[in-house]
1. Given the structure, is A232 at pLDDT 95 or above and crowded, with 18+ Cβ neighbours inside 10 Å?
2. Applying the selection to region 193-225, what residues are part of a loop (DSSP other than H, G, I, E, B) and more than 16 Å from ligand 2 (Cβ to nearest atom)?
3. Would you check if there is a residue in region 159-167 being surrounded by 15 or more Cβ atoms within 10 Å (Cβ to Cβ), hydrophobic (A, V, I, L, M, F, W, C) and modelled with pLDDT of 95 or more?
4. Looking at I247, I234, I320, I288, which one is part of a helix (DSSP H, G or I), farther than 25 Å from C120 by Cβ and not basic (K, R)?
5. Of the residues in region 134-158, how many are buried (at least 16 other Cβ atoms within 10 Å of the Cβ), within 11 Å of ligand 1 (Cβ to nearest atom) and not hydrophobic (A, V, I, L, M, F, W, C)?
6. Kindly establish whether T280 is touching a helix residue (DSSP H, G or I) at 6+ places or on another chain (Cβ under 7 Å) and β-branched (V, I, T).
7. Mind listing whichever residues of region 150-192 are within 15 Å of ligand 2 (Cβ to nearest atom), out of contact with any Ser or Thr (no Cβ under 7 Å at 6 or more places or on another chain) and part of a strand (DSSP E or B)?
8. Determine whether N268 is within 16 Å of ligand 2 (Cβ to nearest atom) and in the same structural domain as L323 (by TED's automatic domain parsing).
Amino acid sequence: MLESGVNQQDTDVYPYPVARIGIVGGGQLGRMMVRAAKSIGCACVVLDPTPNSPAGQVSGHQIVGDYHDPVALRELVESCDVTTFEIEDVDTHTLIELSRAGRRIYPCPSLLADIQDKLCQKRALSAAGIATAEFVAADRPDAGEFARFGYPLVQKARRGGYDGRGVQVMHCADDFKYHLPVPSLIERFIPSDKELAVMVARGQDGDTRCYPPVEMCVHANENILDLLLAPARISAEVAEAARKLAIDTVAALAGVGIFGIELFLTQNQELLVNEVAPRTHNSGHYTIEACMTDQFEQHLRAITGLPLGSTDLLAPAAMINLLGVPGFGGRPVIRGLRAALAVPGVSLHLYGKSTTHAYRKMGHVTVLDDDIEQARDKAEQVRDLIRIEGEERI
Ligand SMILES: Nc1ncnc2c1ncn2[C@@H]1O[C@H](COP(=O)(O)OP(=O)(O)O)[C@@H](O)[C@H]1O
Ligand SMILES: [Mg+2]
């Protein structure tokens, strides 16, 4: 399509494959994106340092290289019509250069550069008037500075954190001993009623589609998404306000592609943006079965200039992550599969990771049911049935 010289606007004629998509990162998000790409006629090339990565296995074409290796990134971008990413911790300098040289990379790598630094991200959000928890920079974490800001607070590493790594909740001055010794920001601890997420897709022409707000129940110790409910059990007014806040956030960032907006719903029913993921998101996996257009296809439509699809929810859904059981490593051993798959409405996704470790995301399960509480009960039942252990005890 894009470099073929065919003018699709006039003719709506495409070569096949429709576009070659470069994906930086070969994890589960990339894997699910490759599947969606194939169904809309696109081919994918994946860049990941681990040979036979989850996404590489299904794309059939992987460049084995690091996300920070300029040579590998250049090779990926130059061999594709459009490049995107499934992770944030990538070399944005090279991507910005390539983008300036006319290569199509979405979301825009300079936006990725702002978002991958949590302090820059919060500054960009507050400059745009988006409500977030009050924060200050803490480049060299200091007990006096933390005390002046006031406890309880949350310290967040500026870079490199994910799935709760790089986030430290501190209730009192004594907790300073647990601080992360890295450039950070500190922000108010928000005693939230619920954590919500809203996926928003925005096309190159600014056309925007928003998925229903979902409810994220976060694993108490590990800060990893434990259970997701779609739609969130909130009032219609709060749902509308959450959608508006998420759409305003993506518009303020002039994002192209899909974005996951994590929100806190405070005990006073106020909404604050916690963070922005400039990519498909764990809270959007349920869209594969439960929505008219899933988040992966939607993202691809946005970045290739195809029309965005409907975000309508077809059925209530609950989703759980399948995490590696602590104490095991090596090749995965899956227990309880037969019992879990016998539960009506269950869809299983395993990510093809050749080794497991404690709390590693190995797969997920989505359950559809006309009744959200039933969906939740079944998802919890499946969580208790399936155990991903490993061949090695560690
Ligand atoms: N300001 C805050 N107040 C209360 N809890 C928070 C705050 N910031 C983060 N958390 C908790 O920590 C989790 C992980 O933090 P987050 O900023 O989303 O980082 P990550 O990049 O690891 O997802 C959140 O989902 C939430 O449960
Ligand atoms: Mg988060």
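The values are calculated or read from the model by the stated rules, or taken from the named source; none is laboratory data. Keep in mind that this is a model prediction, so the values were computed, not measured. Cβ sites come from the backbone with ideal geometry, for glycine too, and all protein chains shown count toward neighbours.
1. It is true that A232 is at pLDDT 95 or above and crowded, with 18+ Cβ neighbours inside 10 Å.
2. Passing the criteria: G203, Q204, D205, G206, D207, Y211, P212.
3. no
4. I288
5. Count: 2.
6. Answer is yes for this residue.
7. Scanning region 150-192 gives V154, Y162, R165, V167, Q168, V169, L185, E187.
8. no
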